[in-house]
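Computed from the coordinates by the stated procedures, all read-outs in this text should not be read as laboratory data. Computed from a predicted structure; not experimentally measured. Please note: Cβ atoms are built from the backbone with ideal geometry, for glycine as well, and neighbour counts cover all protein chains shown.
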Amino acid sequence: MKDFYLYGGGINALAVCDFFRQSHIKAVIDRDEALWGQKIRGIPIISFEDYQKEEQGEAILIAAYDAQEAIINDFEKKGVRNYFRSPWMQSEFYRDRQDVISFHKLDELKKIVFFQFDPISEYIAEALQKKGVEIGYIDKGDSAQGSPIVISTNEKEETIDRLTRDNPNSRVIVLNGTKRNDSYDYSVLRKFKGAYKGRRCFLVGNGPSVTYKDLDRLYKKKEICFGVNSIYKAFEHTLWRPDFYVAVDQYFIEEKIGQVNAMKGIKFFRHLEYAKTVTEGETYDVHLIPSVVAEHNFSFDIEEGVYSGSTVLYDALQIAVYMGFSEIYLLGADMSVGLLGNSEGKHFYGAEQMKIPIGVWDPTSSIEIFGEAHVKLKERGIKFENATRNVWWDNVPRTSFDRLLNQE
């Protein structure tokens, strides 16, 4: 198999590296200068300019999931054509190519036709050919002729629908989403359905606008709150504790498992395998529903799963709606982490240090998705507003945190 490049050194790149077991990836291209010269899973991070100097016709697999459309537009302008969209591999995806083969029993088939020749399909095909399976590629002119068709990259729904329609005698296997683990009983979440009907809650982010005094006021008013990610860093400064805790990033949970375990209360996680390592408190798993880029969805039934909004607060919002809250307020949703880069104060408790470089998060997509969620919730009579102080974005209507707590 020929080596290839990854584009985007974020969380999904880590998952892609793990899927390939760190093999065949020549380098990771990223626009963040702070990452150049560093390594992800032992693989060097380089600039696009360095790629242009080094490349010899190798393909690029775009790992930066939520920015794929923008990256593709940029590639087209620069004349880059040999690129492919990576699936979202960071949650509930297949561990490696053998997991794909075993889950779909591909090694029991005589012939498999892949949608296209790309790094993922080539990697899986390499293992299948060793087992005597005949391999074909539609983009190379091979006919499916009733053989199963595997789509290994993140394709839009219309592409999948057209392929299914044009090959009625073929089973289309799509790997561009998450693999739901049906061994877990998601009906345990039903106890939360409508449990807080008519009440209000705060989704507390970790943005720099939050103060410990704010948390103290929430504590004194006995407001129902969701906390996310490293919110535990605030605990030494306040008596406030979130009623519900949400974390969704696989590598965050892996690295901060000690701190997450030490937290009390009800916890929601998006990753079954990592949720199992959390042994303290009342824990629940929530499935991530597959969704292609640019399709912004909202789940009103977390038993079926939640959609990604490129921020853990979007998971928390969907959980809160399922619980029946009629007033939901964002606090500390500054959406400034990506804009401030690695500067101090990007979280209200100070800069977050991670052992693994994960790139710079672009909040643009999250802001758009929150705005669309506001429209959907308004149609259902649910008030969703942003109580973040001095917030620069207005896709969700702003409101005063002080007024809400009767301290104008």
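Taking every DSSP beta bridge that has both ends in the chain, the antiparallel portion is near 5%.
Extension gain, Gln22 to Glu255, is 82.0 nm, computed as 0.36 nm per intervening residue step minus the present C-alpha separation. Annotation: peptides 89-100, 311-322, ranked by per-residue average of other Cβ atoms within 10 Å with the highest first, follow the order 311-322, 89-100. When a/c is below 1.5 the answer is rounded, else prolate if a/b is larger than b/c, else oblate, so apply that to region 4-85 with a ≥ b ≥ c taken from the square roots of the Cα gyration tensor eigenvalues. It is rounded, given that a/c, with a ≥ b ≥ c, falls under 1.5. Quick one: check the C-alpha center-to-center distance for region 188-239 versus region 378-408, whole angstrom. Distance between centres, Cα-based: 15 Å. Based on the alpha-carbon gyration tensor of the chain and its eigenvalue square roots a ≥ b ≥ c, which shape applies: rounded if a/c is under 1.5, prolate if not and a/b is larger than b/c, or oblate? It comes out prolate by the Cα gyration axes. Taking amide hydrogens as placed 1.01 Å from N in the peptide plane, the amide H of Ile40 sits under 5 Å from those of Ile45, each at least 5 positions away in sequence or on another chain.
A quarter of the convex hull surface defined by the alpha-carbon atoms of region 97-174 gives 4.7 nm² as the mean projection.
Per residue, the chain reaches -8000 deg cm²/dmol at 222 nm when only DSSP H runs of four or more residues are counted, each adding -39500 (n - 2.57).
Given the options Pro87, Pro168, Pro397, which has the most mean-square fluctuation in a GNM of the chain, springs set between C-alpha atoms less than 10 angstrom apart? Answer for the Gaussian network model of the chain: Pro168.
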